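Q: Take a look at this one; I'll ask things after.
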Amino acid sequence: MEGAEVCYDCAVIALAATGTGVLEPYHWTCTMRAFGVNRKRLVKHAGTGALGALSDLLEMLRTRTALVEKRPGIFYLKGKAFLHFHEDRAGLFADVRDGGDWHRLPADSAGERAEILALVDRSTGRG
């Protein structure tokens, strides 16, 4: 597929045309199991604006020394993809690996972001 590359967490990125004529990255992800759905779905990685809205959470994540931020908003743990963000019409979401499973968590409110940090801390042995 032209214009595609392998994503960090076993997905495929493709360029999709938007109404503005700008090409934006999307990927097919296997993480729908977090929703109890065993099929792939087109989701968009969080862009610059969405990451700006998550700046408080990102700053807290950057204090976790076990995590390595390889690209803005994409964190690795022990060399494996561990956490990244998505945006869509339903809001902002974090995909967090806990053991071998991915969990998709909403990331819009302060309470939801606290849940993400708690899962990160449990997964990294911090909490």
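Q: Kindly indicate whether any position in the stretch 9-30 is at pLDDT 50 or above, touching an Asp or Glu at 6+ places or on another chain (Cβ under 6 Å), surrounded by 14 or more Cβ atoms within 10 Å (Cβ to Cβ) and more than 27 Å from G125 (Cβ to Cβ). Show your work before the answer.
A: Filtering the stretch 9-30 for residues at pLDDT 50 or above gives none.
No: zero hits.
Q: While we're here: Taking the stretch 78-127 only, how many residues are of a type in the set (G, A, S), surrounded by fewer than 15 Cβ atoms within 10 Å (Cβ to Cβ) and more than 15 Å from R62 (Cα to Cα)? Give the derivation first.
A: The first filter runs over the stretch 78-127 and keeps only residues of a type in the set (G, A, S), leaving 79, 81, 90-91, 94, 99-100, 107, 109-111, 114, 118, 123, 125, 127.
Okay, now just the ones that are also surrounded by fewer than 15 Cβ atoms within 10 Å (Cβ to Cβ), so 79, 90-91, 99-100, 109-111, 114, 118, 125, 127.
Then drop every residue that is not more than 15 Å from R62 (Cα to Cα), which leaves 79, 90-91, 99-100, 109-111, 125, 127.
Looking only at that region, the number is 10.
Q: Restricted to the stretch 31-69, and to residues that are in a strand (DSSP E or B) and in contact with a Ser or Thr (Cβ under 9 Å, 6 or more places away or on another chain), which residue is modelled with the lowest pLDDT? Can you show your working first?
A: Applying the first criterion (in a strand (DSSP E or B)) to the stretch 31-69 yields 41-45, 67-69.
Add one more test, that the residue is in contact with a Ser or Thr (Cβ under 9 Å, 6 or more places away or on another chain), and what stays is 41-43, 67.
Details: R41: 54, L42: 61, V43: 69, L67: 96.
Applying the filter and picking the extreme gives R41.
Q: Let me ask another. Quickly run through the stretch 70-88 and pick out the residues that are within 9 Å of the chain's Cα centre (by Cα) and without any contact (Cβ under 8 Å) to a residue 24 or more places away in the chain.
A: F75
Q: Also, quick follow-up: Please enumerate the residues belonging to the stretch 102-127 that are under 16 Å from H86 (Cα atoms), in contact (Cβ under 8 Å) with a residue 24 or more places away in the chain and part of a helix (DSSP H, G or I).
A: Answer for the stretch 102-127, where residues must be under 16 Å from H86 (Cα atoms), in contact (Cβ under 8 Å) with a residue 24 or more places away in the chain and part of a helix (DSSP H, G or I): R113, I116.
The values are calculated or read from the model by the stated rules, or taken from the named source; none is laboratory data. Note that the structure is predicted; figures quoted are calculated from it, not measured. All Cβ positions, even for glycine, are placed from backbone atoms using ideal geometry, and neighbour counts span all protein chains on display.
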